[in-house]
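The values are calculated or read from the model by the stated rules, or taken from the named source; none is laboratory data. Computed from a prediction, not measured in an experiment: that's the story for all the values here. Glycine gets a Cβ as well: all are built from the backbone with ideal geometry, and neighbour counts include every protein chain shown. Calculation scope for accessible area: heavy atoms of the full protein, side chains included, ligands and nucleic acids excluded. Shrake-Rupley method; radii C 1.70, N 1.55, O 1.52, S 1.80 Å.
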Amino acid sequence: MADGAFRVPPPVNEPVRAFAPGSTEAARIAAAVRVAASEVVDIPCVIGGKHVFTGVTSDITMPCDHRHVIARVHHAGPAEIDAAVAAAESARKEWAALPWDQRAAVFLRAAELLAGPWRDRVNATTMIGQSKTVHQAEIDASCELIDFWRFNAHYTASLLAEQPPVSPTGFWNRVDHRPLDGFILAISPFNFTSIALNLPTAPAFLGNTSIWKPAETSALSCWVLMTLLEAAGLPPGVINMLHGPGSKIGPTLAARPELGGIHFTGSTGVFRGLWRTVAERLDTYRCYPRLVGETGGKDFIVAHPSADPTEVGVAILRGAFEYQGQKCSAASRMYLPRSRWAAIADVVRDGLATMRMGDVRDPTVFVGAVIDKRAFANHTRYLELGRSEAETVAGGHGHGEVGWFVEPTLFRVDDPRHRLMQEEIFGPIATAWVYEDNDWDAMLDHVDGTSPYALTGAVFAQDRRVLHAASERLRFAAGNFYLNDKPTGAVVGQQPFGGGRASGTNDKAGGPWNLLRWSSPRSIKETFVPARDWRYPYLG
Ligand code: NAD
């Protein structure tokens with residue numbers, strides 16, 4: 001037993017490595033990628049610390065080379081689902097009773113293992129499994145995840161320090177930050193390894209246990225990180241990992257009476273379905289489940305006539321096409337002034353003429369493949385729609401023979417409410433609407449009202465009054481709002497991330513607001529000398 005008001009090591013953002021051609025780090029990641037691509041990994045479910053190989057499997061292939069199998073994932077059935085609930089329930093008592101600094105230390109150790117010896121393998125499996133370039137893998141699977149763990153330790157300490165400001169003489173008021181009264185169902189998307197790990201680990205800082213269902217297409221990097229957590233000393237049963245179709249596992253677990261909360265990131269439709277399941281079963285739960293979901297986006301770039309065309313064009317190239325537009329924050333609708341349109345379109349065309357698309361193992365590639373056949377088919381339908389109803393400024397085609405490649409594409413539409421300006425596509429397909437310079441105010445109404453989402457958005461202008469007015473006018477149009485910067489690339493500890501409207505509950509992953517959702521506080525009042533007479537003085 002050790003007593004003390006321990007201070008967490010001050011959190012710092014993990015530096016992003018450059019991987020310059022010829023550098024040692026570039027050579028090391030290339031070697032790690034070769035090893036990862038030469039293996040076929042059997043990925044079990046993890047239940048109460050046991051690795052469970054069910055024998056019911058599906059293959060995981062490389063998006064850049066879709067005949068190349070890199071893993072085989074073992075699906076959970078009803079028995080594994082029951083066992084995972086039992087494991088999460090039985091582990092919670094001991095995990096919640098462990099001093100908070102001991103819990104935090106598991107994740108601080110995990111952060112240092114990831115920053116050091118595990119980094120190349122985690123990056124390599126994210127590259128080949130999720131089709132990320134080395135830079136995209138580094139900023140996600142390494143840096144952002146390390147940041148989540150370091151900053152969540154810091155925010156946990158701050159949250160626990162939240163205590164009642166008043167204890168009158170003779171009394172002591174305290175708040176006990178308990179975990180929720182049931183397991184957390186963590187369901188993660190394919191596109192960010194860091195988010196996938198944050199979903200089950202953030203609640204664990206507060207003493208919760210979880211059942212984690214990663215997206216199948218990210219199962220390889222998630223499995224490597226699950227073994228990293230084991231190496232960091234995570235006790236059995238704190239995080240239980242199940243694989244298989246989300247449409248079966250998700251609703252089954254969401255309907256369990258032991259559910260304490262859902263920590264979800266993914267599409268809006270799936271989150272709404274989970275919410276409906278909970279609403280329909282409300283009378284059956286032990287507690288009111290907390291529902292936290294970060295979902296879709298239709299993110300905008302707005303340029304004022306005073307904006308610099310090169311800066312806007314570069315923001316479109318990076319903001320719309322990095323990681324093939326498969327970021328919830330990716331720019332996908334642009335509002336550009338007629339007086340600057342030609343210059344901005346030239347910057348985008350010139351950039352795309354030299355931007356290489358191909359296998360992410362080639363370090364000169366900027367655009368890899370989209371995640372799978374389903375995404376490719378969906379993007380192909382949007383490309384057909386754009387080619388028939390819009391002007392194709394650049395790109396416009398897909399190539400699915402070897403990998404799921406979709407050309408970075410810019411369409412231009414005449415109707416600001418065209419489907420291409422409203423619907424989340426989640427691929428490298430962006431659409432521009434050109435407005436008349438003197439229609440700035442009416443254009444902002446379209447930005448605010450065209451799409452149901454409100455995740456990220458950016459405004460480019462030189463004129464300070466314009467930046468201020470746009471910021472006010474678009475206050476509810478985005479949960480992460482950028483002035484003269486692309487709308488992607490939020491950093492933990494700097495821009496807490498999340499959106500409103502159809503984009504989610506806006507509980508801001510990587511910030512104190514998220515952790516608050518995983519605590520069910522108990523108020524404790526202690527009276528040092530209890531009353532011995534029931535009569536109040538006014539009774540005489
Ligand atoms: P998805 O919704 O298809 O899948 C997410 C997870 O839900 C997966 O694990 C999947 O297996 C599971 N799932 C699927 N059907 C389910 C069901 N019926 N019940 C329960 N679970 C089910 O999303 P995706 O394609 O993996 O990711 C892309 C989506 O995620 C985009 O909409 C993107 O905007 C969003 N996203 C949002 C954020 C954010 O912070 N707002 C971050 C990343 C991704």
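Out of F321, F271, I need the residue that is of a type in the set (A, V, I, L, M, F, W, C), within 11 Å of the ligand (Cβ to nearest atom), within 25 Å of the chain's Cα centre (by Cα) and not in a strand (DSSP E or B). Which one?
Result: F271 is the single residue among F321, F271 that is of a type in the set (A, V, I, L, M, F, W, C), within 11 Å of the ligand (Cβ to nearest atom), within 25 Å of the chain's Cα centre (by Cα) and not in a strand (DSSP E or B).
Just to be sure, is V134 open to solvent by 10 Å² or more (accessible area, probe 1.4 Å), in the same structural domain as A255 (by TED's automatic domain parsing), within 30 Å of E258 (Cα to Cα) and among the aliphatic types (A, V, I, L, M)? So V134 does not fit the description; no.
For (1) of a type outside the set (F, W, Y); (2) under 20 Å from L197 (Cα atoms); (3) within 16 Å of the ligand (Cβ to nearest atom), each residue gets a yes or a no:
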site: D441; (1), (2), (3): yes, no, no
site: P452; (1), (2), (3): yes, no, yes
site: V466; (1), (2), (3): yes, no, no
site: A478; (1), (2), (3): yes, no, yes
site: F497; (1), (2), (3): no, yes, yes
site: G500; (1), (2), (3): yes, no, yes
site: K508; (1), (2), (3): yes, yes, yes
site: G511; (1), (2), (3): yes, yes, yes
site: Y536; (1), (2), (3): no, no, no
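Condition first: assigned to a loop (DSSP other than H, G, I, E, B), touching a residue at least 40 places away in the same chain (Cβ under 8 Å) and open to solvent by 10 Å² or more (accessible area, probe 1.4 Å). Now tell me which residues in region 507-524 satisfy that. Result: D507, R517. Residue check: is L220 within 11 Å of the ligand (Cβ to nearest atom), buried (at least 24 other Cβ atoms within 10 Å of the Cβ), part of a helix (DSSP H, G or I) and not small (G, A, S)? The answer is no for L220. Yes or no: region 379-387 includes at least one residue that is of a type in the set (A, V, I, L, M) and more than 14 Å from L410 (Cα to Cα). No, region 379-387 has no match at all. Flag: R281 matches the condition of being surrounded by fewer than 23 Cβ atoms within 10 Å (Cβ to Cβ), under 28 Å from G182 (Cβ atoms) and at pLDDT 95 or above. When H66 is tested against (1) open to solvent by less than 80 Å² (accessible area, probe 1.4 Å); (2) of a type outside the set (A, V, I, L, M, F, W, C); (3) closer than 27 Å to I146 by Cα, only condition (3) is not met. Output the residues belonging to region 280-316 that are part of a helix (DSSP H, G or I) and within 16 Å of the ligand (Cβ to nearest atom). The answer is E280, and nothing else.
Working only within region 226-258, note down all residues that are assigned to a helix (DSSP H, G or I), within 15 Å of the ligand (Cβ to nearest atom) and open to solvent by less than 30 Å² (accessible area, probe 1.4 Å).
From region 226-258, those assigned to a helix (DSSP H, G or I) are 226-231, 246-254; that's our starting set.
Now narrow it down to the ones that are within 15 Å of the ligand (Cβ to nearest atom): 226, 246-254.
Passing the criteria: M226, I249, G250, L253, A254.
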